[in-house]
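The values are calculated or read from the model by the stated rules, or taken from the named source; none is laboratory data. Bear in mind the structure is a predicted one, so any value in this text is a computation, not a measurement. When we count neighbours, we look across all protein chains shown, and the Cβ atoms used for this are built from the backbone with ideal geometry, even at glycine. What goes into the accessible areas is simple: the full protein's heavy atoms, side chains included, and nothing from ligands, DNA or RNA. Shrake-Rupley method; radii C 1.70, N 1.55, O 1.52, S 1.80 Å.
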Amino acid sequence: MKLQPDRLDVQSILAYGAGWVGLGNNGVAEKIDYSVVIGSRGEKLPWDCQRFEQLTAEHFALLAGMKPELVIFGSGKRLRFPPPAFLRGLMDQRIGLETMDTLAACRTYNILAGEGRHVVAALLIEPDAA
């Protein structure tokens, strides 16, 4: 049996914790402590929200405009589902959406991106309550 180390040739999440994710792309690592949208084709942009309650339909319209096969929505520290009305743009384009807490979304994104899928992760990074 020959074992191979895991190596992703796409933007990947190298590490994560409460209030941050670590991204890796082309040998460069970056710690992100704000909500972010990343894609398996190198997309990376801030997602202008700090709490689940701040999300709007426009946040999800942005994701639909990226035209991925699938969106992984990391809903923060716990699992919460966006209102169906927010997802109209994704549904109209037949783009799938999977909702999970942000840490599970990080793991799922890496698996799907590693398979060569065109996937986008919208990760809600909530600030730590101090």
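Grab the strands (runs of 3 or more DSSP E) fully contained in the stretch 24-71, keeping just those with 2 or more residues being of a type in the set (D, E, K, R), touching a Ser or Thr at 6+ places or on another chain (Cβ under 8 Å) and at pLDDT below 95. Fully inside the stretch 24-71 and qualifying: nothing.
Quick test for you: out of Ile32, Ile72, Ile38, pick the one residue that is of a type outside the set (Lys, Arg), more than 14 Å from Val120 (Cβ to Cβ) and open to solvent by less than 10 Å² (accessible area, probe 1.4 Å). Ile32 is the lone residue from the list that is of a type outside the set (Lys, Arg), more than 14 Å from Val120 (Cβ to Cβ) and open to solvent by less than 10 Å² (accessible area, probe 1.4 Å).
Matching residues to (1) surrounded by 13 or more Cβ atoms within 10 Å (Cβ to Cβ); (2) modelled with pLDDT under 95:
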residue	(1), (2)
Ile95	yes, no
Thr99	yes, no
Ala104	yes, no
Thr108	yes, no
Glu115	no, yes
Val119	yes, no
Leu123	yes, no
Glu126	yes, yes
Ala130	no, yes
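With respect to Leu23, determine if the residue is farther than 15 Å from Asp101 by Cα, surrounded by 13 or more Cβ atoms within 10 Å (Cβ to Cβ) and of a type in the set (A, V, I, L, M, F, W, C). It is true that Leu23 is farther than 15 Å from Asp101 by Cα, surrounded by 13 or more Cβ atoms within 10 Å (Cβ to Cβ) and of a type in the set (A, V, I, L, M, F, W, C). Scan the stretch 88-111 for residues that are assigned to a helix (DSSP H, G or I) and touching a helix residue (DSSP H, G or I) at 6+ places or on another chain (Cβ under 6 Å) and the total you get is 2. Ala15 passes every criterion in (1) open to solvent by less than 50 Å² (accessible area, probe 1.4 Å); (2) part of a loop (DSSP other than H, G, I, E, B); (3) at pLDDT 90 or above apart from (2).
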